1. Cα centroids of segment 95-112 and segment 192-238: how far apart, whole angstrom?
2. Does segment 50-125 come out rounded, prolate or oblate, given a ≥ b ≥ c as the square roots of the eigenvalues of its C-alpha gyration tensor, rounded meaning a/c under 1.5 and, failing that, prolate meaning a/b above b/c?
3. Which residue, LEU148, LEU136, LEU222, tops the fluctuation ranking in a GNM of the chain built on C-alpha contacts under 10 Å?
4. Can you tell me which of 117-126, 77-86 comes out highest on packing, and rank the rest after it, using the mean Cβ neighbours within 10 Å?
5. Explain nothing, just the number: dipole magnitude of the chain about its Cα centre with +1 on each Lys and Arg Cβ and -1 on each Asp and Glu Cβ, in debye rounded to the nearest 20.
6. Rank these for me by crowding, THR234, THR210, THR64, going from fewest to most other beta carbons within 10 Å.
7. On C-alpha positions alone, give me the angle between the axis of helix 9-23 and the longest principal axis of the chain, in degrees, nearest 10.
8. List, largest first, the extents of the alpha carbons of the chain along their principal axes, each in whole Å.
Amino acid sequence: MTVLFSGNPEECNIQIRKQLEQLAEPEFQQFTSKLLPGVEHILGVRLPLLRSLARQLAKEEWKTYLCHAVDDSYEEVMLQGMVLGYARGDLQEKRKFLETFIPKINNWSVCDSVCSTIKLARSQPAEFWEFLQQYLNSREEFQIRFGLVQLLDYYVNETYLERVLEAVQQVQQEAYYVNMAQAWAISICYREFPEATLPVLKKNTLNDFTHNKAIQKITESLKVSGEKKELVKTLRRQ
């Protein structure tokens, strides 16, 4: 990785694009395109390479970069989210950049990869929880998913478990990637806190697809005992 922020935003974007094109692999581009149907302008750069570039940009003038970054490819959007995660700064410092970036998310890959990089919930759990409410209450599929994946990544603990289970059920949205995130979140809650989560599996406001997907994810988990898997199998809806 050779890009260093030059101080000229336009030149920086040109250099970033050149590096991404050099790192792109045609076969990986085809593979990624199959995983993300409908997503356009995929160059085919592997995530570890994107993370390496993002870490480098995060050490430099990251605010200037984000103010002028372009959205011309899947990778360039992903890069912005990763830089936001790796850059030093608290929620107050990053809020406006997050609020600009999150609406750009239009696929599960950018959403989930960026969620695993933005870890403000670890250092400011209460403040970030409040920040996430606007996205959990959104009508946009991937803004809701961003909120849900943040919950399952960082808030499945004794302090927040009850609130996570409530928040997941409060989302009333039929979009596929929202429902899959709800199911994923419930499965993580059950994996970590089976006794506390079981009542929710017995009675909840989730639609049948999401409810059954949660049970499927639980039964596929290597971290849930066979006994607990058999129990939840009996809760499948017909």
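Every read-out reported here was derived from the displayed coordinates using simple, explicitly stated rules and does not represent laboratory data. Note that the structure is predicted; figures quoted are calculated from it, not measured. Quick reminder, even Gly has a Cβ in these numbers, built from the backbone with ideal geometry, and neighbours come from all protein chains shown.
1. One Cα centre to the other: 30 Å.
2. Rounded.
3. Comparing LEU148, LEU136, LEU222 in a Gaussian network model of the chain, the most mobile one is LEU222.
4. The most tightly packed comes first, giving 77-86, 117-126.
5. Taking the Cα centre of the chain as origin, the dipole is about 700 debye.
6. THR234, THR64, THR210
7. On a 0 to 90 degree scale, this one is about 70.
8. Computed over the Cα atoms, the extents are 59, 40, 31 Å.
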